[in-house]
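In what follows, a structure is listed as structure tokens, so that the remarks can point back to it.
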Amino acid sequence: MLGPSGPPARAAKPTLPPSLPPLPPPVVTPSPSSPLPRASDAVLTAGCQHHTPPLKPLARLIDSRSQSPHPPHHAPVGPFIIGVTGGSASGKTTVCEKIIHGLGDQRCVLVSLDWFYHGLPDGVLPGTYNFDHPDAFDFEALGSTLESMKTRQPVTVPKYDFARHSRVEDNAADLDAADVIIVEGILTFYDPLIRNLMHMKIFVDEDADICLSRRITRDVKSRGRSVESILAQYTRFVKPAFERFILPTKRYADIVVPRGGDNLVAIDLIIKHIALKIRQEDLRKVFSNLVVMSDSYQSRGLHTISLGLLPFQRRTVTTPSGKKFCGVGFVQGLAGVSLMPNGETMESSLRDVCNTVRIGKMLMAEGGEKGVSYECLPEEIEDKYILVLDPVLDSGEACEMALARLMELGCREDRVLVLSLIVSPQAVTRICARFTKVQLVVSAIDKGIDADGRVYPGAGDFGTRYYGADTIWGGAR
């Protein structure tokens, strides 16, 4: 607990990377940061075996339990970006079309990787050029396009013309502002900068023979090619590129859809999940490193939840009766850093749940000079897991400076957790966007900050109320 004099508890309101070895194709490959709930894995698997009626446009889904009581209007939420990849003729376009149709009332835009081919080199015949190699694509132009679309601004994208073998202005796609952006192509997950822009990554998996038969049918009908030329290109370029470049990116997928566009159960699940995500007025859908506690009167739970995010190691102890008991304990090297003066109000609660922790202190300068004016930190802090304590984050500037200082000292982002009781949406955006691997654990997100830079409705001057003082010295908020 914060203590008898503390405030009352609040209700929570193109250089190629080295080629990767092919991986065995799992049905569902969730990643630790996957936005899809684990309970849905069984549904996806079931989708491989059962037939469902055709999909209907999805009505609005509103889950009041996942909605924040105070939407963070001051922190604009960008579009939900989905990556869809898979082998040639695996059914990627069909999956994308069904997702767009299922979302119905949402503004969706499809961006094709095929638009971003480099121009055909001089003197190279189209039949001898490998269009399935990563060097054939302009990933930098794709990244620039997606960055512009994240600001919800309409953009014009010159599309690759396969007749003239270049990207031309008179063959351009006008893309309006959208709630959902779907990026589709054979190497959508290949470039890490493009991949990191995506909130959901889908790999469409289909049998190689079916893909080949679809490719032959498509190219003979729509492109007037002979079966012999299609097979020659498939053997020389398409199949080797799939095994070397496309299949290994399956490891990055949040969802693997077997049977492509025929897997209606999997597609329906994806549609419902996307619809839920884009309707949440919640910063948690934007920042996967933000953890918000459920409603509770136990402020100590903030520290308990935070410690649960740290790694554990197995330990065996011998009881007085001589029997051995196996369990887990915290890893060695845990430290706390309280941002003075308000962070000191959380130290006793941290010691209650971890009495061996060593706690350091930092004080931020206010006024013209920004930075750390005082610090007293545990030795070898760069090797420790760190809990940063600050009960109220207004603008988040002080916490940001403290984290920057810890990074200067060699601390790793993925070993730092920030603990706070009440935060503003601006503070969440400032911290989670800059330090993407730092986890922010909070009990409540308030409406915003007022003209004085304080979170509102907030809890007043937290340090003054806790210490029972009329005024309190301190630093930047």
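Worth pointing out:
- Residue check for residue 296: at pLDDT 65 or above and out of contact with any Ser or Thr (no Cβ under 7 Å at 6 or more places or on another chain): no
- Where residue 207 falls short, out of the listed (1) surrounded by 14 or more Cβ atoms within 10 Å (Cβ to Cβ); (2) within 21 Å of residue 89 (Cβ to Cβ): (1)
- Residue among 107, 152 that alone is within 23 Å of the chain's Cα centre (by Cα) and on the phi > 0 side of the Ramachandran plot: 152
- Some residue of the range 214-237 being in the same structural domain as residue 122 (by the TED database), modelled with pLDDT under 85 and in contact with an Asp or Glu (Cβ under 7 Å, 6 or more places away or on another chain): yes
- The range 418-428, residues that are at pLDDT below 90 and either buried (at least 21 other Cβ atoms within 10 Å of the Cβ) or not assigned by the TED database to the domain that holds residue 351 (or both): 419, 420, 421, 422, 423, 424, 425, 427, 428
- Here the condition is being outside the structural domain of residue 433 (by the TED database) and within 17 Å of the chain's Cα centre (by Cα); of 267, 194, it holds for 194 alone.
- Answer from 217, 249, 235 - the residue that is surrounded by 17 or more Cβ atoms within 10 Å (Cβ to Cβ), hydroxyl-bearing (Ser, Thr, Tyr) and assigned to a helix (DSSP H, G or I): 249
The values are calculated or read from the model by the stated rules, or taken from the named source; none is laboratory data. Everything numeric here is computed off the predicted structure, so don't read it as measured data. We place every Cβ from the backbone using ideal geometry, glycine too, and count neighbours over all the protein chains shown.
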